[in-house]
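The values are calculated or read from the model by the stated rules, or taken from the named source; none is laboratory data. It should be emphasised that the depicted structure is a prediction, and the values quoted were computed from it without experimental measurement. All Cβ positions, glycine included, derive from the backbone under ideal geometry; neighbour counts span all protein chains shown. Accessible surface is based on the protein model in full, side chains and every heavy atom, while ligands, DNA and RNA are left aside. Shrake-Rupley method; radii C 1.70, N 1.55, O 1.52, S 1.80 Å.
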Amino acid sequence: MAQKAELKGKINLDSSGFQRGIAQSKKSVNTFVATLKGSLLPALGAAGAAGALVSFGRRAIESASQIKELSQVSGLGVVEFQKFAEAARTVNIEQEKLADIFKDTSDKMGDFINTGGGPMIDFFEKIAPLVGATKEEFMGLSGADSLQKYFNYLEKANIPHQEMVFYMEAIASDATMLIPLLENGGEAFKKLGAGAEEAGRYMKSSTIEALDQA
């Protein structure tokens, strides 16, 4: 009997913790649903609202999770990454590929900074002395900032287009496609990102966190 009482107590304790977890999850989901009701449900009407809300909610949660993961890989905040991604789409670079480019940039710069080797040897031996670049300048930078600084030095060196392509592909596959956005200190990246922010074409960090919890 003592063993049964002890077991029953454990079950009740576990159950109460489980119920608190369920309640917390339901609260997160309900908060998310409330933010959508005002605009989504009236447009769909009662008949299709429930199914569409579930489908839309699932896609939103998956999208938020992906944005959070890709921004972490890139070394950027979630809003900052979305602004870069919005600009990159204009040159047919999707956000997954953009995150890969930023990650490769960080990896290859980090390789040279830490070991003095890797694909960045050519840049630091041939380009850096011409334009006054040093490896210390790249320490602690995000992939995006590191790529921009790298391109700025290539642009300053005034190398032929063929060499520009060589050096851009050396740091990350398909990085050459970002050249129109990186030119003039990343002017197009900044303008297109600002435009995305003004138009509200991004998820706020608080929304992403709420969806992540949901």
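Looking at this structure, is F166 more than 17 Å from E80 (Cα to Cα), surrounded by fewer than 17 Cβ atoms within 10 Å (Cβ to Cβ) and of a type in the set (F, W, Y)? It is true that F166 is more than 17 Å from E80 (Cα to Cα), surrounded by fewer than 17 Cβ atoms within 10 Å (Cβ to Cβ) and of a type in the set (F, W, Y).
Can I127 be described as in a loop (DSSP other than H, G, I, E, B) and at negative phi? Lay out the reasoning, then the answer.
Values: in a loop (DSSP other than H, G, I, E, B): no; at negative phi: yes.
Spelling it out, it is not the case that I127 is in a loop (DSSP other than H, G, I, E, B) and at negative phi.
Just one of (1) surrounded by 12 or more Cβ atoms within 10 Å (Cβ to Cβ); (2) part of a helix (DSSP H, G or I); (3) modelled with pLDDT of 90 or more; (4) not basic (K, R) fails for G118. It is (2).
In the stretch 79-107, the residues that are under 19 Å from P119 (Cβ atoms) form Cβ pairs under 7 Å with partners that are hydrophobic (A, V, I, L, M, F, W, C) and in a loop (DSSP other than H, G, I, E, B), at six or more places apart or across chains, as follows: I101/A172; D104/A172; T105/A172. Residues that are among the β-branched types (V, I, T) and either at pLDDT below 95 or within 20 Å of the chain's Cα centre (by Cα) (or both) do occur in the stretch 168-178. Put simply, of L53, L70, L44, L76 the only residue that is outside any helix (DSSP H, G or I) and either at pLDDT below 60 or open to solvent by less than 60 Å² (accessible area, probe 1.4 Å) (or both) is L76.
Yes/no per residue for (1) modelled with pLDDT under 95; (2) part of a helix (DSSP H, G or I); (3) loosely packed, with under 14 Cβ neighbours inside 10 Å; (4) among the polar types (S, T, N, Q):
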position: L98; (1), (2), (3), (4): no, yes, no, no
position: F102; (1), (2), (3), (4): no, yes, no, no
position: T105; (1), (2), (3), (4): no, yes, no, yes
position: S146; (1), (2), (3), (4): no, yes, no, yes
position: K191; (1), (2), (3), (4): yes, yes, yes, no
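A search for C-beta distances below 9 Å between a residue of the stretch 175-188 that is free of Cβ contacts under 8 Å to residues at least 24 places away in the same chain and closer than 13 Å to L147 by Cα and any residue that is open to solvent by 30 Å² or more (accessible area, probe 1.4 Å) and in a helix (DSSP H, G or I), counting only pairs 6+ apart in sequence or on different chains, returns T176/V165; T176/E169.
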